[in-house]
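The values are calculated or read from the model by the stated rules, or taken from the named source; none is laboratory data. Owing to the predicted nature of the structure, the values given are computational and were not obtained by experimental measurement. Cβ placement follows ideal geometry from the backbone for every residue including glycine, while neighbour counts extend to all protein chains displayed. For the accessible areas, the whole protein counts, side chains as well, though only heavy atoms, and no ligand, DNA or RNA atoms are used. Shrake-Rupley method; radii C 1.70, N 1.55, O 1.52, S 1.80 Å.
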Number of protein chains: 2
Amino acid sequence: MDDDKVFKALADPGRRMLLDRLCARNGQTLGQLCETMDMKRQSVTQHLGLLEEANLISTVRRGREKLHFINPVPLYEVYERWIRKFEEGRLSLLHDLKRELERKKT
Amino acid sequence: MDDDKVFKALADPGRRMLLDRLCARNGQTLGQLCETMDMKRQSVTQHLGLLEEANLISTVRRGREKLHFINPVPLYEVYERWIRKFEEGRLSLLHDLKRELERKKT
DNA sequence: AATATATGCAGGCAAATACCTGCGTAATTA
DNA sequence: TAATTACGCAGGTATTTGCCTGCATATATT
């Protein structure tokens with residue numbers, strides 16, 4: 001998995017919105033996704049392309065339509081390999097700062 | 001919390017590396033962080049500024065030095081409000097795609 | 001006081017990004 | 001078959017981004 005592509009894909013609010021829409025109703029067509037997106041179809045296509053490159057969605061062609069499905073695996077992996085590390089040390093990390101702030105006052 | 005700033009801050013590999021360095025040793029100065037960063041000090045400063053704006057780090061001045069500390073809270077919140085939603089529906093989301101693929105074959 | 005160290009601030013520039021318009025193609029429907 | 005629908009592809013452009021150089025300021029050391 002390419003961490004960087006996943007993070008960059010998540011960096012845009014429009015793309016996060018697309019993931020949200022798909023989370024609410026999986027397997028939507030490009031046209032359906034466009035209806036709620038306040039930008040041109042071609043722009044939505046570009047965003048969906050980046051999401052697919054990051055492996056965050058998968059697509060299936062059905063006739064002239066293209067269906068979009070969420071792939072939750074990369075998000076889970078990013079969490080496992082990235083977020084959890086900080087979560088584990090959460091209390092001690094916060095303590096470091098607090099201790100330094102105390103050190104200044106005295 | 002500003003989700004967008006957090007995601008954008010995480011979108012750059014250099015900034016993720018800075019967070020990694022601070023996770024390994026919290027409370028480093030700008031100079032110390034620069035030693036491992038293969039870019040000019042001023043660029044590192046810019047990255048640290050974005051991380052601070054996203055509230056991912058906090059800083060404390062001590063004399064002529066500036067110490068940097070991780071703030072793990074926004075990462076945890078992003079996980080809670082964002083990643084977990086997809087994790088919960090993980091199996092069913094994957095099933096949607098699988099079912100559609102089966103539908104095509106038959 | 002003079003020098004060295006640690007950081008701040010301003011501006012410039014090439015590349016990436018996020019939109020757009022215009023046109024082409026494949027699949028359905030009348 | 002003709003018209004419609006759903007989507008793909010190729011640029012064009014204004015903005016943002018990430019890096020740099022050059023200079024200024026504040027603290028520490030000799």
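For segment A:3-105, a simple Cβ point-charge model (Lys and Arg +1, Asp and Glu -1, everything else neutral) yields a dipole of about 160 debye relative to the Cα centre. Here A:Glu52 yields copy-to-copy label distances, from shortest upward, of 4.3 nm, the label point defined as 7 Å from Cα along Cα to C-beta.
Give me the net charge for the shell around A:Asp12: Cβ to Cβ below 11 angstrom, other residues only, Lys and Arg +1, Asp and Glu -1. Net charge around A:Asp12: +3.
Note that chain A shows a convex hull volume over its alpha carbon atoms of 134 Å³ per residue. Summarising the rotation from chain A to chain B, the nearest chain A beta-carbon to the axis and its distance in Å are given as A:Ala11, 2.
With a 1.4 Å probe, how much accessible area is buried between chains A and B, both sides summed, in Å² to the nearest hundred?
Counting protein atoms only, the buried area is about 3900 Å².
Listed peptides B:83-94, A:15-26 appear in the order A:15-26, B:83-94 once ranked by packing, highest mean of other Cβ atoms within 10 Å at the front. Quick one: which bits of segment A:72-91 get at least 50 Å² less accessible when the partner protein chains are in, versus the chain alone, with a 1.4 Å probe? Those residues are A:Pro72, A:Leu75, A:Tyr76, A:Tyr79, A:Trp82, A:Ile83, A:Phe86, A:Arg90. B:Met39 label point (Cα plus 7 Å toward Cβ) to equivalent points in the other copies: 2.3 nm, shortest first. Residues of segment B:44-70 that lose at least 50 Å² of accessible area (1.4 Å probe, protein heavy atoms only) when the other protein chains are present, relative to their chain alone, are B:Val60, B:Arg62, B:Phe69. A straight Cα-to-Cα reach below 18 Å connects B:Lys40 with the aspartates and glutamates B:Asp12, B:Glu65, residues fewer than 8 places away in its own chain not being considered. FRET efficiency for the A:Leu101 to B:Leu91 pair, using the beta carbon distance and R₀ = 30 Å, is estimated at 0.10. Within the accessible surface of the protein assembly as shown, defined with a 1.4 Å probe on protein heavy atoms only, the carbon and sulfur portion equals 48 percent. Protection proxy ranking, highest mean first, for peptides A:32-45, B:60-73: B:60-73, A:32-45, where packing is the per-residue count of other beta-carbon atoms within 10 Å, averaged. Sorted from shortest to longest, the distances between the B:Glu80 label points of this copy and the other copies are 2.4 nm, with each point 7 Å from Cα along the line through the beta carbon.
According to the Kirkwood relation over distinct C-alpha pairs, the hydrodynamic radius of the protein assembly as shown is 18.9 Å.
Accessible surface area normalised per residue over segment A:10-106 is 58 Å², counting heavy atoms of protein chains with a 1.4 Å rolling probe.
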